[in-house]
Amino acid sequence: MRTTTRPSEDRLFFLKKSGDIERVKKTGRRLPTPLFNLVSCRSDLSRARVGVIVGKRLGGAVVRNRAKRLFRELARQARGQLTPGCDLLVFPRHGALTATPLALREAWLTALRQQALVRS
């Protein structure tokens, strides 16, 4: 069950504007992994933001929505650890849908550490 405070927190946490997404795509550092691609760049804000981009080639609407839900939940779990002032884009791959939740979480945290996107 959702809490009443979550939608307003999520509104600030997730990247939605196409201008912000394009800026991260163009200026960000890329990290490919077998389960997803991660693109990150600095921002002028005092908080971290995450965007999940899923293309049609991943599958139908059900598959794409599942991928978005998986990565949004991973981002929510890491929200307190993310370095302030960074914007992230996640591009899920097919392997993310068949990976175990533990393997996906470990790959996510490892990628964030490699890019220095989490606080020590």
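Looking at LEU70, LEU112, LEU104, LEU74, which one is open to solvent by 30 Å² or more (accessible area, probe 1.4 Å), part of a helix (DSSP H, G or I), more than 16 Å from ASP20 (Cα to Cα) and at pLDDT 95 or above?
Working: LEU112 fails: open to solvent by 30 Å² or more (accessible area, probe 1.4 Å); LEU104 fails: open to solvent by 30 Å² or more (accessible area, probe 1.4 Å); LEU74 fails: open to solvent by 30 Å² or more (accessible area, probe 1.4 Å).
Being open to solvent by 30 Å² or more (accessible area, probe 1.4 Å), part of a helix (DSSP H, G or I), more than 16 Å from ASP20 (Cα to Cα) and at pLDDT 95 or above holds for just one of LEU70, LEU112, LEU104, LEU74, which is LEU70.
Considering (1) open to solvent by less than 60 Å² (accessible area, probe 1.4 Å); (2) under 24 Å from ALA116 (Cα atoms); (3) part of a helix (DSSP H, G or I), say which one LEU97 fails and leave the rest. Status for LEU97: all satisfied but (2). Against the definition (touching a residue at least 12 places away in the same chain (Cβ under 8 Å) and buried (at least 21 other Cβ atoms within 10 Å of the Cβ)), how does LEU38 come out, yes or no? When the stated conditions are applied, LEU38 passes them. Checking each residue in the range 82-93 for being modelled with pLDDT of 95 or more and part of a loop (DSSP other than H, G, I, E, B) picks out only ARG93. Quick check, is SER8 assigned to a helix (DSSP H, G or I) and at pLDDT below 95? Here the answer is yes, as SER8 does meet what is asked.
Every residue, every condition in (1) more than 14 Å from the chain's Cα centre (by Cα); (2) small (Gly, Ala, Ser); (3) within 21 Å of ALA103 (Cβ to Cβ), yes or no:
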| residue | (1), (2), (3) |
| --- | --- |
| SER8 | yes, yes, no |
| ILE21 | no, no, no |
| LEU31 | no, no, yes |
| VAL52 | no, no, yes |
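The values are calculated or read from the model by the stated rules, or taken from the named source; none is laboratory data. Source: prediction; values computed, not measured. Neighbour counts run over all protein chains shown; Cβ positions are idealised from the backbone, glycine included. Surface areas here come from the heavy atoms of the whole protein model, side chains and all, with no ligands, DNA or RNA. Shrake-Rupley method; radii C 1.70, N 1.55, O 1.52, S 1.80 Å.
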